[in-house]
1. Can you name the residue in the stretch 19-35 that is open to solvent by 80 Å² or more (accessible area, probe 1.4 Å) and free of Cβ contacts under 8 Å to residues at least 24 places away in the same chain and, of all such residues, is nearest to residue 2 (Cα to Cα)?
2. Can you find even one residue in the stretch 17-24 that is of a type outside the set (Gly, Ala, Ser) and at positive phi?
3. Which ones in the stretch 145-172 are closer than 15 Å to residue 217 by Cα and modelled with pLDDT of 90 or more?
4. May I ask you to say which residue of 96, 20, 36, 29 is among the charged types (D, E, K, R), at pLDDT below 90 and either touching a Ser or Thr at 6+ places or on another chain (Cβ under 7 Å) or outside any strand (DSSP E or B) (or both)?
5. Please work out which residue is farthest from residue 119 (Cα to Cα), limiting yourself to the stretch 65-86 and to residues that are in contact with a helix residue (DSSP H, G or I) (Cβ under 6 Å, 6 or more places away or on another chain) and assigned to a helix (DSSP H, G or I).
6. Residue check: is residue 59 surrounded by fewer than 16 Cβ atoms within 10 Å (Cβ to Cβ), over 12 Å from the mean Cα position of the chain (by Cα) and acidic (Asp, Glu)?
7. Can you tell me how many residues within the stretch 50-64 are outside any loop (DSSP other than H, G, I, E, B) and either among the hydroxyl-bearing types (Ser, Thr, Tyr) or within 15 Å of residue 118 (Cα to Cα) (or both)?
8. Just name the residue that is nearest to the chain's Cα centre (by Cα) out of those in the stretch 90-124 that are of a type in the set (Ser, Thr, Tyr) and closer than 29 Å to residue 184 by Cβ.
Amino acid sequence: TYLKFSIQDIHTSVLNHIDRPDVPWSEHRQLIERLRTKFPSYRGYSVELIFGLPGQTRESWEQSLCELEDFDNLVLNPFLLFSNAPANYDKDYSARNQIVAQPIYSPYTSHMPTRATHVVSTVSYSWLDYVYFTLLSSMVTQQHPMRLIKPRRQLIDMIKQHDDLSNTLDRISAIMLDVHVNRSNFVETWHQINSEFLTKIVEQNPGHWSTNWLAQFERWKNCKGAWHTL
């Protein structure tokens, strides 16, 4: 039903960092534009990225999401520590990249999150950076009105400059690390944190939002605990 380009990251430096050479994003983009020209009525283009890769930073992840703002279908996956991944079995790779992994809840593990082993810190980013990756990814892909806002760069600027960002990351961190939380409580708490943070962004940026968008946002806020509602 759609054409997916699994590029993992738009930065060649990150792909080199993880020993995964590939066709560069610039060539992927040219190919997609050629397809868009040849099939103007087709809209099913999707780009898949992985967050949590060694070499990524807050700035590089922001750049990736902004570069892809003209794609409605983004597939954003966390870097899971699978048994066949070099990060798991290659000690030199793990040491060189300072791989830290642990079982956590994440909204990206599945539609109903389960605890899985994620790479949560590397030589290029910290645990709170990883939480930031997760927050941004949620804002631009999950089923709430924020994903409809363009340009994405302006939205990300609002998020990272917000006075409450640090506190929001701390709260997200706490529930992701909570070994006692169950799936249902995790989803409901995640929705609450997202709702509170987005509400502050909306209220502190009057005039940026259309009446129709505000109505959708109110509807989303009232769907308490419903992760995939709109």
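The values are calculated or read from the model by the stated rules, or taken from the named source; none is laboratory data. Everything quoted here is computed from the prediction, not taken from an experiment. Because the Cβ atoms are built from the backbone with ideal geometry, glycine has one as well, and the counts that use them run over all protein chains shown. Calculation scope for accessible area: heavy atoms of the full protein, side chains included, ligands and nucleic acids excluded. Shrake-Rupley method; radii C 1.70, N 1.55, O 1.52, S 1.80 Å.
1. Step one: filter the stretch 19-35 for residues open to solvent by 80 Å² or more (accessible area, probe 1.4 Å), giving 19-21, 27, 30, 34.
Within this subset, residues satisfying the condition of being free of Cβ contacts under 8 Å to residues at least 24 places away in the same chain are 20-21, 27, 30, 34.
Values: 20: 24, 21: 25, 27: 19, 30: 18, 34: 16 Å.
Across the stretch 19-35, the extreme among qualifying residues is 34.
2. So in the stretch 17-24, the residues of a type outside the set (Gly, Ala, Ser) come out as 17-24.
The next check asks that each one be at positive phi; those that pass are 19.
Looking through the stretch 17-24, at least one residue is of a type outside the set (Gly, Ala, Ser) and at positive phi.
3. Hits for the stretch 145-172: nothing passes.
4. Values: 96 fails: at pLDDT below 90; 36 fails: at pLDDT below 90; 29 fails: at pLDDT below 90.
It is 20.
5. 66
6. Values: surrounded by fewer than 16 Cβ atoms within 10 Å (Cβ to Cβ): yes; over 12 Å from the mean Cα position of the chain (by Cα): yes; acidic (Asp, Glu): yes.
Criteria met by residue 59.
7. Filtering the stretch 50-64 for residues outside any loop (DSSP other than H, G, I, E, B) gives 50-51, 58-64.
Filter once more, keeping what is either among the hydroxyl-bearing types (Ser, Thr, Tyr) or within 15 Å of residue 118 (Cα to Cα) (or both): 50-51, 60, 64.
Adding up the residues that qualify gives 4.
8. We begin by selecting, within the stretch 90-124, every residue of a type in the set (Ser, Thr, Tyr); these are 93-94, 105-106, 108-110, 114, 117, 121-122, 124.
From what is left, the residues that are closer than 29 Å to residue 184 by Cβ are 105-106, 108-110, 114, 117, 121.
Details: 105: 14, 106: 11, 108: 8, 109: 12, 110: 13, 114: 17, 117: 17, 121: 16 Å.
Residue satisfying both the conditions and the ranking: 108.
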